[in-house]
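Read through the structure below, which is laid out as structure tokens, and then see the notes.
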Amino acid sequence: QVRGASSAKIILGGPAITVYGPMALRHLDADYAVVGEGEESFPTLLDAIEKGRSTEGIPGVCLRENQRVVAAEPVRMDRFGSSGMEEWIQWGPYERKGGTWGIQTKRGCPLDCVYCPFPELEGKGSRCRPAADVVDEIERVLRTRKPRTFEIVDSNFNVPLAPTLAFCEEIIRRGLKVNLSAMSVNPRTASRELFQLMERSGFSSMMVTVEAANEAMLERLRKGFGLEHLERTVRLARETRIHTAWFLLLGGPGETLETVDDTMRFAETELSWKRSLVIVSTGIRILPGTGIADIALEEKQLSPGKDLVEPSFYF
């Protein structure tokens, strides 16, 4: 105990903590780690601390007990709603630094991208909020905080597609004037109808996680779409006024100079119009529970029992 140090408890949470689970408490000098969805677990933990009750056994709460770390399984809620962020966050400093206001319309990812922890984080089944509930939240935040931009932070904006179309249609029906951005548009279900509705409902930007423009690499990365879907998405995106960021990821399983050439040639010839931004990264961060972790073990790029809190990359 350091003289003058606070006796306040330190509680960790969020996606990274959920990915690493109890391992996080072996690296960080905290008392608790809330894993999974914390809307119920976190208030329950705070109540137990405040009332001096035992905190062991609270769903989704890992804890440090003397020198021992007690693990817990991540919590996934059947239903979820508004974040309520407008009630407790001081928004001005975030917006001045360029922040967007995050809105979540669905949780869960049915896809199997080789590098991605979202199926482990949120489950493979999609849990969707009613469109009216999401737009109620946006209207409420518009009245009280007036952020420049709302960003839809779903792991998959348009998979499944029907709830996404319903969300756009609800904004149009209410006549809301709002600036929107989408974090992860998937080429598999991209369509002219989707992009037209996005534009009409206020989307000014979107991000598309392409990763590769080579059929073999798309298959090895388990993207769930092919070159035909990608080419269609590019063609339709060019018809809109929506600014689009395309993410490319080099160095995945089976990557060669030839497959890199295919991807970069596609970027240079097909993604080079005025409202298009290409972002390229190399190497894949290996996260627990992902397909790339299994591949790295098989290829001996990763040793068994490696502590993945320490950054490890697949090339």
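The values are calculated or read from the model by the stated rules, or taken from the named source; none is laboratory data. No experiment lies behind these values; they were computed from the predicted model shown. When we count neighbours, we look across all protein chains shown, and the Cβ atoms used for this are built from the backbone with ideal geometry, even at glycine. SASA here: full protein model, heavy atoms, side chains in, ligands and nucleic acids out. Shrake-Rupley method; radii C 1.70, N 1.55, O 1.52, S 1.80 Å.
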Within segment 67-114, the residues that are of a type in the set (S, T, N, Q) and either within 23 Å of GLU37 (Cα to Cα) or buried (at least 19 other Cβ atoms within 10 Å of the Cβ) (or both) are SER82, SER83, GLN90, THR100, GLN104, THR105
Of those in segment 265-296 that are surrounded by 14 or more Cβ atoms within 10 Å (Cβ to Cβ) and more than 25 Å from the chain's Cα centre (by Cα), the residue nearest to TYR314 (Cα to Cα) is PHE266
For segment 95-107, pairs from a residue that is touching a residue at least 60 places away in the same chain (Cβ under 8 Å) to a residue that is outside any strand (DSSP E or B) and open to solvent by 30 Å² or more (accessible area, probe 1.4 Å), with Cβ under 8 Å and 6 or more apart or across chains, are THR100/ARG148; THR105/PRO163; ARG107/ARG76; ARG107/SER126
Of those in segment 144-165 that are part of a helix (DSSP H, G or I) and out of contact with any strand residue (DSSP E or B) (no Cβ under 9 Å at 6 or more places or on another chain), the residue modelled with the highest pLDDT is LEU165
* Within segment 250-257, is even one residue open to solvent by 40 Å² or more (accessible area, probe 1.4 Å), part of a helix (DSSP H, G or I), at negative phi and not aromatic (Phe, Trp, Tyr)? -> yes
Given (1) among the aliphatic types (A, V, I, L, M); (2) open to solvent by less than 30 Å² (accessible area, probe 1.4 Å); (3) assigned to a helix (DSSP H, G or I); (4) modelled with pLDDT of 95 or more, ALA132 misses just (2)
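Rundown of residues vs (1) more than 21 Å from the chain's Cα centre (by Cα); (2) farther than 25 Å from GLU169 by Cα; (3) not basic (Lys, Arg), yes/no style:
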position	(1), (2), (3)
ASN186	no, no, yes
MET198	no, no, yes
GLY202	yes, no, yes
SER205	no, no, yes
ASN214	yes, yes, yes
MET217	yes, yes, yes
ALA237	yes, no, yes
THR240	yes, no, yes
If we take segment 1-96, then helices (runs of 4 or more DSSP H) inside it with 3 or more residues that are β-branched (Val, Ile, Thr) are 15-20
By residue number, the members of segment 177-190 that are touching a Leu at 6+ places or on another chain (Cβ under 7 Å) and over 17 Å from SER155 (Cα atoms) are VAL178
Restricting attention to segment 118-129, the residues that are modelled with pLDDT under 95 and surrounded by 13 or more Cβ atoms within 10 Å (Cβ to Cβ) number exactly 7
Residue under question is LEU180, and the condition is that it be in contact with a helix residue (DSSP H, G or I) (Cβ under 8 Å, 6 or more places away or on another chain) and open to solvent by 20 Å² or more (accessible area, probe 1.4 Å); does it hold? no
When ALA213 is run through (1) in contact with a Ser or Thr (Cβ under 8 Å, 6 or more places away or on another chain); (2) in a loop (DSSP other than H, G, I, E, B); (3) surrounded by fewer than 18 Cβ atoms within 10 Å (Cβ to Cβ), the failure sits at (3)
